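Notes for the one structure printed next.
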Amino acid sequence: MDSIRITGGKRLEGKIPISGAKNSALTLLPCALLTEEKLTLTNLPRLADVDNFSHLLNELGASTKVAALKKGEIGRRMTLEADEIASTVAPYDMVRKMRASILVLGPMLARAGESTVSLPGGCAIGDRPIDLHLEALKALGAEIELAAGYVKASAPKGRLPGGDYSFPVVSVGATENAVMAAVLATGSSQLFNAAREPEIVDLCNLLVAMGAKIEGIGSSHLTIDGVEGLNGCTYAVMPDRIEAGSYACAAGITGGSIELVGARPSDMLAITNALAAAGLVIEMTHNGMKVTADKPLRPLAISTAPYPGFPTDMQAQFMAMLCLAQGESFLEETIFENRYMHVPELRRMGASIDVRGRSAIVHGVAGLTGAQVMATDLRASMSLVLAGLAAEGETEVLRVYHLDRGYERLEEKLSAVGAKIERVSAT
């Protein structure tokens, strides 16, 4: 199993290109199941999760072809075509690799009138039930059965009639599944208290480009008028706001200055506000934004929340950076109940962190020391890389397959701005 080896203490300076958003790509890919025509996605990141999702779509009957890039394009260009649904069953062996696989449930149900999906896997960051997905689909007219670890959804008359649903709590995945299911319904649907993340806006914009009728995009109240069918199109995946925020924290923890080329600051106001509050200088550029740490880090009080609040996917990276802030920082994790698994590993590197339930107090220290540490999930992995960049001596991060799920060309990007970092292949 590969590991990442870092020799810390290098000030990072330069430019890092921001890839297409993982969380958006995994939502846009299943839209290929909604049409017989070709869907071409550009700016797709080269990630293990994208590859795994593509393989799942192949299992269901969609072809996937990676094409040569056109001039000026970055990322991958993939054309997907599901002229027919070969199977409406997403098996356990495919779905267990990542939780996002549940997002084939809604589009398959909408297009084929039925869908059977194994209960999903993914990072071990807490209980993430799919009950809201199922309740939303029921409200749209689906019949739901649970048996032997699978969810079977069916439309009694072949197509969903549509309906209204109010989410009791904000759920990104359930909103995405409901939107994809509703676009081919025979009637209209309304979703109340829908998630508003930029990735959902990206999904809705793609669906509209395919011929869907959606009103209220970007708000918590979506109105969807079902259409008879959708067309194909070419669409660019939005830039990854979590990747951009992670590299901004790399500038902060190393006292560096990094231009995040391609970042879209309008999608990450909660992140940039927190960076500025910690003492970093944020400058908008023609190509994205520049983050500079030219003074000691200040402590913060952060509570994760659904968009437009502070994203749970940035909590671990900020915790690593705040280990070197002058004073005590307070972090509260409100989304997942088990997302502090990186804390014991940061402590191995000299961090002083107290965890009390869903709250954590980070006592700033003068410095961190390199150590061998174990990654437990995707964002925790990045927090350990960040700590290693600032630590004295050598840090080895094990289980880097987590990183490969969400960060494209990590070592290459960090090396380009001065980090001493390498991947070590298992012998």
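Coordinate-derived values only; no laboratory data. All values derive from a computational prediction rather than experimental measurement. Because the Cβ atoms are built from the backbone with ideal geometry, glycine has one as well, and the counts that use them run over all protein chains shown.
Between ALA209 and THR223, the contour length at 0.36 nm per residue exceeds the Cα-Cα span by 3.4 nm.
Amide H contacts of VAL261 (H built 1.01 Å from N, in plane; Pro and chain starts excluded): ILE16, ILE18 sit under 5 Å, all sequence-distant by 5 or more or on other chains.
When the charge dipole of the chain is built from unit charges on Cβ atoms (+1 for Lys and Arg, -1 for Asp and Glu) and taken about the Cα centre, the candidate among GLY162, GLY218, MET1 whose Cα reaches farthest toward its positive end is MET1. In sequence order, segment 159-168 has phi-based couplings of 9, 5, x, x, x, 10, 8, 10, 5, x Hz under the Karplus curve 6.51 cos²θ - 1.76 cosθ + 1.60, θ = phi - 60°, and Gly or Pro positions carry x.
Using a cut-off of 14 Å between beta-carbons, work out the net charge of the residues near ALA351 (Lys and Arg +1, Asp and Glu -1, ALA351 not included). Let's see the in-between values first.
On the way: positive: ARG347, ARG348; negative: GLU328, GLU345, ASP354, GLU392.
Net of charged neighbours comes to -2.
Before rounding to the nearest 500, sum -39500 (n - 2.57) across all DSSP H runs of length at least 4 in the chain and divide by the residue total; then give [θ] at 222 nm in deg cm²/dmol.
Numbers: 14 runs with 124 residues, N = 427.
It lands at -8000 deg cm²/dmol.
A Cβ-based charge dipole, computed about the Cα centre of the chain with Lys and Arg at +1 and Asp and Glu at -1, lands at about 760 debye. Computed extension gain for ARG409 through SER303, at 0.36 nm per residue and net of the alpha carbon distance, reaches 35.2 nm. Backbone amide hydrogens, once placed in the peptide plane, bring GLU328 within less than 5 Å of GLY364, excluding anything fewer than 5 places away on its chain. Dipole orientation for the chain: of the candidates ALA82, MET382, TYR235, MET382 has the Cα lying most toward the positive pole (charges on Cβ; Lys, Arg +1; Asp, Glu -1). If the chain linking HIS363 and LYS138 were pulled fully straight, counting 0.36 nm for each residue of separation and taking away their Cα-Cα distance, it would gain 76.3 nm. The residues neighbouring LYS290, those whose beta-carbon lies less than 12 Å from its own, together hold a net charge of -3 under the Lys/Arg +1, Asp/Glu -1 convention.
Sort ARG423, ARG348, ARG356 so the one with the fewest other Cβ atoms within 10 Å of its own Cβ comes first.
Numbers: ARG423 15, ARG348 18, ARG356 7.
With the sparsest Cβ surroundings first, the list reads ARG356, ARG423, ARG348.
Among the listed pairs LYS38/LYS157; LYS15/LYS290; LYS38/LYS70; LYS22/LYS97, those whose Cα-Cα separation exceeds 20 Å are LYS38/LYS157.
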